[in-house]
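Worksheet: the structure to be examined is printed underneath.
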Amino acid sequence: MPQDAVIGRGEAAVRTLAMPADTNPAGDIFGGWLMSQMDIAGAIVACQRAGGRVVTVAVDGMEFHEPVFVGDLVSCYVTITKVGGTSVTVHIETTARRGRTGNEVKVTEGTFVYVALDDNRRPRGVNGA
């Protein structure tokens, strides 16, 4: 599938601009920065679904399709794929709207798993699971 094809989207959870301070030594946006944006987006949606605090416990199937460049508008779209007794699993697709052309491409995707925590930082049931 061409990277500029229609992208199956979930809920738009994070949108941010890639800045020069986020680059790796090659001048592209550092993959760890991109992964942190995805984790923030996933946690926002998982927290809403769980009805409280969540923590990241796993990242499965992370795949980088295209680089992200300084000036790209990065957007993370989140879809809940599974709700367990104490966990919420989400799939995150991340796009970049190219600053120079305005074209939007899917740059990465991955599956993140979050566990709901109580006030004592112990796993708790997910509301409505």
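Return a yes/no flag: does region 24-42 have any residue that is in contact (Cβ under 8 Å) with a residue 24 or more places away in the chain, over 12 Å from the mean Cα position of the chain (by Cα) and closer than 28 Å to ASN127 by Cα. Taking every residue of region 24-42 in turn, none turns out to be in contact (Cβ under 8 Å) with a residue 24 or more places away in the chain, over 12 Å from the mean Cα position of the chain (by Cα) and closer than 28 Å to ASN127 by Cα.
The numbered conditions (1) over 22 Å from ASP22 (Cα atoms); (2) part of a strand (DSSP E or B); (3) out of contact with any Pro (no Cβ under 7 Å at 6 or more places or on another chain) are all true for ASN120 except (2).
Filtering region 49-82 to residues that are over 14 Å from the mean Cα position of the chain (by Cα) and aromatic (Phe, Trp, Tyr) leaves only PHE69.
Matching residues to (1) buried (at least 18 other Cβ atoms within 10 Å of the Cβ); (2) modelled with pLDDT of 95 or more:
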site: VAL14; (1), (2): yes, no
site: ALA26; (1), (2): no, no
site: GLN37; (1), (2): yes, yes
site: VAL57; (1), (2): no, yes
site: THR86; (1), (2): yes, yes
site: ILE92; (1), (2): yes, yes
site: THR95; (1), (2): yes, yes
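One residue is enough: does region 62-80 have a residue meeting the conditions buried (at least 18 other Cβ atoms within 10 Å of the Cβ) and either of a type in the set (D, E, K, R) or free of Cβ contacts under 8 Å to residues at least 24 places away in the same chain (or both)? So far as region 62-80 goes, yes, one or more of its residues are buried (at least 18 other Cβ atoms within 10 Å of the Cβ) and either of a type in the set (D, E, K, R) or free of Cβ contacts under 8 Å to residues at least 24 places away in the same chain (or both).
The values are calculated or read from the model by the stated rules, or taken from the named source; none is laboratory data. Bear in mind the structure is a predicted one, so any value in this text is a computation, not a measurement. Reconstructed Cβ throughout: ideal geometry from the backbone, glycine too, with neighbour counts over all protein chains shown.
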